[in-house]
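Before any comments, here is the structure.
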């Protein structure tokens with residue numbers, strides 16, 4: 001299936017590794033021009049090298065900026081005009097397991113700043129240009145934890161619920177255009193960060209066994225009973241970013257392996 005993404009320009013926040021890098025790879029494989037983002041020159045250049053090795057001839061740029069801060073988003077806005085993008089993937093996000101009674105105000109504020117405000121600031125700049133042109137895609141990388149709160153990460157789960165709400169609010173602004181705004185809700189994804197998170201929970205177990213134990217005991221409602229592969233998220237983002245998904249707007253789209261049991 002030709003998704004019609006050749007020549008489309010996409011910015012993926014937090015894409016020097018993890019899900020963001022997988023999204024960038026999938027988009028590049030479809031012929032999109034991708035802008036990789038990270039906080040350091042070294043991390044961005046390394047990610048660009050990996051992508052070009054995987055997709056010879058890929059058109060890829062780098063944006064070195066901490067998009068989890070107002071200053072970083074201002075830098076992005078200064079380097080990229082409001083009409084520069086066809087696709088914005090608000091992927092940047094952080095998480096940390098912490099007991100609710102131990103989580104400080106500063107920890108709550110930090111997750112809100114990075115997970116929520118990064119997407120708000122970037123959408124404030126780029127969505128207006130898309131609406132003016134009448135076409136574009138904004139995708140928020142939320143989480144099934146936004147619907148099914150993770151017991152060990154109340155603050156993280158709350159930010160993911162906020163992302164779903166913001167995504168729907170912004171979708172309302174696109175009425176009558178070919179612009180769409182959607183939230184994607186992955187379950188646990190097999191990235192280096194999640195691997196470390198699970199290893200810290202079960203330090204006595206080998207990696208693969210720890211993964212199985214985590215899914216069996218910590219996420220027992222999962223129907224696939226495994227971590228999602230990063231490329232599965234990347235490929236789904238490509239579809240939602242394409243003209244093939246033009247009727248999908250204002251949606252919270254679960255790619256969670258059946259973890260959320262609600263039918264609505």
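Throughout, read-outs are computed from the coordinates displayed, never taken from laboratory work. If you're wondering where the values come from, they're calculated on a predicted model, not measured in any experiment. Counting neighbours? That spans all protein chains shown, and the Cβs are built from the backbone with ideal geometry, glycine included.
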message: 7 Å from Cα along Cα→Cβ at both residue 99 and residue 132: what's the point-to-point distance in nm?
response: 5.2 nm
query: Pick from 47, 78, 251: which is most flexible by mean-square fluctuation in a GNM of the chain where alpha carbon atoms under 10 Å apart are linked?
result: 78
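Output the relative contact order of the chain, whole-number percent, from Cα pairs under 8 angstrom with separation of 6+ residues. Please report the intermediate quantities before stating the final value.
On the way: 518 pairs, mean separation 52.9, N = 264.
Relative CO of the chain lands at 20 percent.
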query: Nearest 0.05, what FRET efficiency do residue 165 and residue 204 give at R0 = 45 Å with Cβ-Cβ as r?
result: 0.70
query: How far is helix 70-79 tilted off the main Cα axis of the chain, in degrees rounded to 10, range 0 to 90?
result: 30 degrees
- line: Taking Cα atoms only, helix 41-54 is inclined relative to the longest principal axis of the chain by an angle, in degrees rounded to 10, of 80 degrees
- request: May I ask you to compute the full-extension gain from residue 239 to residue 61, defined as 0.36 nm times their residue separation minus their alpha-carbon distance, rounded to one decimal in nm?
  value: 61.9 nm
- line: The distance between the Cα centres of segment 54-114 and segment 5-35, in whole Å, is 14 Å
task: Mind checking the full-extension length gain between residue 248 and residue 229? Use 0.36 nm per residue of separation minus the Cα-Cα distance, one decimal, nm.
output: 4.5 nm
message: For segment 16-147, compute the orientation-averaged projected area of the C-alpha convex hull (one quarter of its surface), in nm².
response: 9.1 nm²
message: Between 122, 223, 67, where does the largest GNM mean-square fluctuation fall for the chain, given springs only between Cα atoms within less than 10 Å?
response: 223
message: Considering just Cα atoms, how many Å³ per residue does the convex hull of segment 120-264 enclose?
response: 114 Å³
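When the Cα atoms of segment 224-264 are enclosed in a convex hull and the volume is divided per residue, what value in Å³ results?
Working: hull volume 3.3 nm³, N = 41.
With only Cα atoms used, segment 224-264 gives 80 Å³ per residue.
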- prompt: Who wins for biggest fluctuation among 197, 101, 236 in a Gaussian network model of the chain, springs between alpha carbons below 10 Å?
  reply: 101
